[in-house]
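Participant: Take a look at the following structure, please.
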Amino acid sequence: MPQDHRRVPGPEESQTPLLFAPVEAPEVPPRDPSALQPLFARAGLLSQAKGSAYVELHGGTKVLCSVAGPREAGGGAGAAAPGEPRGRLVCEFRRAPFSGRGARIRPSEREPELALALQEALEPAVRLARYPRAQLEVSALLLQDGGSALAAALCAAGLALADAGVELYDLVAACALCRTPGGEWRLQPSEPEERAADARLTVALLPSLNQVAGLLGSGEGGPPDSWAQAVRLGLDGCQRLYPLLRQSLLRAAKRRPAPGTQAPTDTDTAQPPAATA
């Protein structure tokens, strides 16, 4: 019987050899538990939005945040009561399909939970009483998840609100922490560290007021002293992040043209001017 040499003989169904390879947990390299990841922040990135900010961590996390409003508040859940002299803040947290490693991921079920955490941590920083019957909309897009995603989104959202000219009590600085199986808390964990962690914690702070804006924890329980140590470590990290966020906001204000002047080009804003004594 003649054979069809144009087809490759083989089984109709096959599996990759990597499927049968032993799965080993990635080893988390030792590091200083109180060390912060290098952070890059830039405000005023989107010309179509009233306010925007981009935050990137050394571990690979990239978050883009935009702010719209204030606009007239509509009905629905969370709408302000008639005659209430206070606006409302609506937050959205979305993950890009390509944000995770490997195959494209579907929208996570945690997105509404993270959006609620974003809203609860930002509301103490916004002077909502100055926007009666109005609505402010904050949208955070996670472009790449390299760990500490919620904390990076909070920093970006605070910068975007300030860039939009929204009246704030203070900027929001946030840090994430995770507890290793050995019981050690680490500041701003990477994605492998978060996967291997027994517990996680995100701390949001208004540094000038020294007021905690939000706390979100999950994972296995531990002694109260351990969680208290994590909160102190997170608050110290937020205080160290605050000057970096302020500097980013000041650079964005200097790039913004004065009324009646021409906007600077990208070449003018590529590098900040060198500081002089």
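The values are calculated or read from the model by the stated rules, or taken from the named source; none is laboratory data. Being a predicted model, the structure only gives us computed values, none of them experimental. We place every Cβ from the backbone using ideal geometry, glycine too, and count neighbours over all the protein chains shown. Heavy atoms of the whole protein, side chains included, go into the accessibility calculation; ligands, DNA and RNA do not. Shrake-Rupley method; radii C 1.70, N 1.55, O 1.52, S 1.80 Å.
Participant: Using a probe of 1.4 angstrom, how much of the accessible area of the stretch 17-255 is carbon and sulfur, in percent?
Facilitator: On the way: 6500 of 12130 Å².
Summing carbon and sulfur atoms, their accessible area is 54 percent of the total for the stretch 17-255.
Participant: Let me ask you something else. Any idea what diffusion coefficient the stretch 192-251 gets from Stokes-Einstein, in µm²/s, Kirkwood Rh on alpha carbon pairs, 20 °C, 1.002 mPa s?
Facilitator: On the way: Rh = 12.9 Å.
Once the numbers are plugged in, D ends up at 165 µm²/s.
Participant: Now for a separate question. Pop a pseudo-label 7 angstrom from the Cα along the beta-carbon direction at both residue 71 and residue 47 and give the gap in nm to one decimal.
Facilitator: 2.1 nm
Participant: Relative contact order for the stretch 17-255 using alpha-carbon pairs under 8 Å, separation at least 6, rounded to a whole percent? Walk me through the intermediate numbers first.
Facilitator: On the way: 527 pairs, mean separation 51.2, N = 239.
Averaging sequence separation for qualifying contacts and normalising by length gives 21 percent for the stretch 17-255.
Participant: Could you work out how far apart the two model spin labels at residue 236 and residue 250 are, taking each label as a point 7 Å from the Cα in the direction of the beta carbon, and quote it in nm?
Facilitator: A separation of 2.6 nm, rounded to one decimal place.
Participant: Another one. Can you tally the net charge around residue 185? Count Lys and Arg as +1, Asp and Glu as -1, for every other residue whose Cβ sits under 15 Å from the Cβ of residue 185.
Facilitator: Values: positive: 31, 179, 186, 200, 232; negative: 32, 184, 193, 194, 198, 220, 225, 236.
Surrounding charge for residue 185 is -3.
Participant: Still on this structure: Stretched out fully, how many nm does the piece from residue 196 to residue 86 gain, at 0.36 nm a residue minus the Cα gap? Don't skip to the end; give the middle numbers.
Facilitator: Numbers: separation 110, 0.36 × 110 = 39.60 nm, distance 4.26 nm.
My answer for the length gained is 35.3 nm.
Participant: Same structure, new question: When the Kirkwood radius is taken over all Cα pairs of the stretch 154-233, what Stokes-Einstein diffusion coefficient follows at 37 °C and 0.692 mPa s, in µm²/s? Don't skip to the end; give the middle numbers.
Facilitator: Working: Rh = 13.6 Å.
Value of D from the Cα-based Kirkwood radius: 242 µm²/s.
Participant: Here is a further query. Provide, in order from the shortest bin, the percent of all Cα-Cα pairs of the stretch 94-204 in each 10 Å bin, continuing until the bin that contains the maximum pair distance.
Facilitator: Taking every Cα pair in the stretch 94-204, the percentages come to 13, 40, 32, 13, 2.
Participant: Still on this structure, please answer the following. How much length is gained on full extension from residue 168 to residue 209, taking 0.36 nm per residue of separation minus their Cα-Cα distance? Could you put the intermediate results ahead of the total?
Facilitator: Details: separation 41, 0.36 × 41 = 14.76 nm, distance 1.16 nm.
Fully extending the segment from residue 168 to residue 209 adds 13.6 nm.
Participant: Additional query: Taking only protein heavy atoms and a 1.4 Å probe, what accessible area per residue, in Å², does the stretch 17-255 have with all protein chains in place?
Facilitator: Numbers: 12130 Å² over 239 residues.
Solvent-accessible surface per residue comes out at 51 Å².
Participant: While we're on this one: Compute the length gained on full extension between residue 123 and residue 226: take 0.36 nm times their separation in residues and subtract their Cα-Cα distance, giving the result in nm to one decimal.
Facilitator: On the way: separation 103, 0.36 × 103 = 37.08 nm, distance 2.79 nm.
Extending this stretch completely gives an extra 34.3 nm.
Participant: Express in Å², to the nearest 10, the accessible area of residue 131 obtained by rolling a 1.4 Å probe over the protein heavy atoms while all chains stay in place.
Facilitator: Rounded to the nearest 10, that gives 40 Å².
Participant: Express the C-alpha Rg of the stretch 17-255 as a ratio against the empirical globular expectation 2.2 N^0.38 Å, rounded to two decimals. Kindly include the intermediate steps, with their values, before the conclusion.
Facilitator: Numbers: Rg = 18.3 Å, N = 239, 2.2 N^0.38 = 17.6 Å.
Relative to the rule-of-thumb radius for its length, the stretch 17-255 sits at 1.04.
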